[in-house]
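See structure below.
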Amino acid sequence: MFPVVVVHGGAAKVPKERSEKFMLGVCSSARTGYAVLRGGGSSMDAVVEAVNHMENDPTFNAGCGSMLNIKGEVEMDAIVMDGKTLASGAVSAVRNIANPIQLARLVMDKTSHTFLTAEGANQFARSMGVPEVPPESLITEHSRMRWINKLAAGTNPVECQMDKMGTVGAVAVDSEGNVACATSTGGMLIKMEGRVGDTPCIGSGGYADNQVGAVSATGYGEAIMKVTLARLILFHMEQGQSVEAASDLGLAYMESRVGGLGGVVTVDPQGHWAARFSTSNMSWAAAQKDTLHYGLHPGEDLTQSIEDPL
Ligand code: ASP
């Protein structure tokens, strides 16, 4: 069994001029997660580090760079899940926190609950000594311009799902065969205040179970929740499907049943992995056996050695 980490930077349309940034971001995140695994770290440590890395990268819709809600504010959701124990931790609608994925992990590690929301989650962050950051520090020029343009366009939420999305996530298997997932997002552009998407919902934005595998999902949250996409894919794996076939079956069902598009990264405990999507683009990267695989367009699988400079 070869340890592996697979990350995604969101299933969404990526304009040509931004594709380089997305590719560099996911590759650097996968390298970060892989360094943890190579150093003997757990799959949970690897996915949290990988997602933390993308939350700090303003390219992605998570942490700094999050999409803005209807009021022009940042509200973020995140989840982690440990496949060994089925323990999970999630937060939703948090503000003023640079790394919601760390807070989700603290919910898992330090409380008897699995999910804290809004001001309660922020209060918990304070009690754990997680520093609060000014709200403006999470807003980029790019996210503000997209908010202004989208408000002016007054678009239909379903028709335009692809240019309002983005999320980051990771799955990993460590040398002991433990799987884990982590997913973090700013949610959908111009969402209602208080809207919570699929990301922090167990079985939708992520799921991990050592007996089957792990999934981190991205895409149109309202559709992902209807089909509990992450758990649906693991169900197909339980029925004997490969990581790729199960991912495709789950995404195809979501599209045909509720018209939703999205993408996933999936692993099984043997270290097989997949990055699949029904959108036109999904930035992703996987690191295993000292090789980095990455892509952005359907069917693309570029490779380089982990030792090569980015
Ligand atoms: N799933 C996220 C949400 O609906 C958005 C995304 O993944 O692109 O909040």
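A short reminder: the numbers here are calculations on the coordinates, not readings from a lab. Just so you know, these numbers come straight off a predicted model, no measurement behind them. Neighbour counts are summed over all protein chains in view; Cβ atoms, including those assigned to glycine, are modelled from backbone coordinates with ideal geometry.
Points worth noting:
- Residues whose amide H lies under 5 Å from that of Phe115, counting only those 5 or more places away or on a different chain, are Ala90; hydrogens are built 1.01 Å from N in the peptide plane.
- Using the alpha-carbon positions of the stretch 1-114, Rg (one decimal) and Dmax (whole number) come out as 14.8, 48 Å.
- Lysines with Cα under 30 Å of Lys71, excluding same-chain neighbours fewer than 8 positions away: Lys13, Lys16, Lys21, Lys150, Lys164, Lys191, Lys226
- For the chain, the spread of Cα positions along the three principal axes, ordered from largest to smallest, is 49, 42, 41 Å.
- In a reduced charge model with +1 at each Lys and Arg Cβ and -1 at each Asp and Glu Cβ, the stretch 102-201 shows a dipole moment near 220 debye about its Cα centre.
- The HN-Hα couplings worked out from phi for the stretch 81-86 by the Karplus form 6.51 cos²θ - 1.76 cosθ + 1.60 (θ = phi - 60°) are 8, 9, x, 6, 10, 6 Hz, whole numbers, x standing for Gly and Pro.
- Contact order, relative form, for the stretch 182-271: 29 percent (alpha carbon pairs under 8 Å, 6 or more residues apart, mean separation divided by residue count).
- Span from the the stretch 255-284 Cα centroid across to the the stretch 49-103 one, whole angstrom: 20
- Most positive-pole-ward Cα, Pro309, Val130, Ser66, against dipole of the chain from beta carbon charges: Ser66
- What the phi angles of the stretch 247-259 give under the Karplus curve with 6.51, -1.76 and 1.60, with θ = phi - 60°, is a coupling list of 5, 5, 4, x, 5, 5, 4, 4, 5, 6, 7, 10, x Hz, glycine and proline written as x.
- Leading residue at positive end of dipole, the chain (Cβ point charges), from Val171, Thr85, Ser19: Ser19
- About its Cα centre, the chain has a charge dipole of approximately 600 debye under the convention of +1 per Lys or Arg Cβ and -1 per Asp or Glu Cβ, with nothing else charged.
- Distance between modelled label sites at Gln239 and Lys289, nm, 7 Å Cα→Cβ extension: 3.0
- This model, with +1 at the C-beta of Lys and Arg and -1 at the C-beta of Asp and Glu, gives the stretch 207-310 a dipole about its Cα centre of some 380 debye.
- Residue among His293, Val258, Pro269 farthest towards the positive dipole end of the chain, charges placed on Cβ: Val258
- For the stretch 248-310, the list of trypsin sites (Lys or Arg not before Pro) that fall in a loop by DSSP and count at most 16 other C-beta atoms within 10 angstrom reads Lys289.
- Ranked packing of 222-228, 188-194, most packed first, by mean Cβ within 10 Å: 222-228, 188-194
- Interchain or long-range residues, amide H under 5 Å from Gly260's placed H: Glu255
- Ellipticity estimate at 222 nm from DSSP helix runs (n ≥ 4, -39,500 (n - 2.57)) divided over the chain, nearest 500: -10500 deg cm²/dmol
- Sites Gln211 and Leu302 - FRET efficiency at Förster radius 30 Å, r taken between beta-carbons, to 0.05: 0.40
- The simple spin-label model puts a point 7 Å past each Cα toward its Cβ; for Thr111 and Thr85 those points are separated by 1.6 nm.
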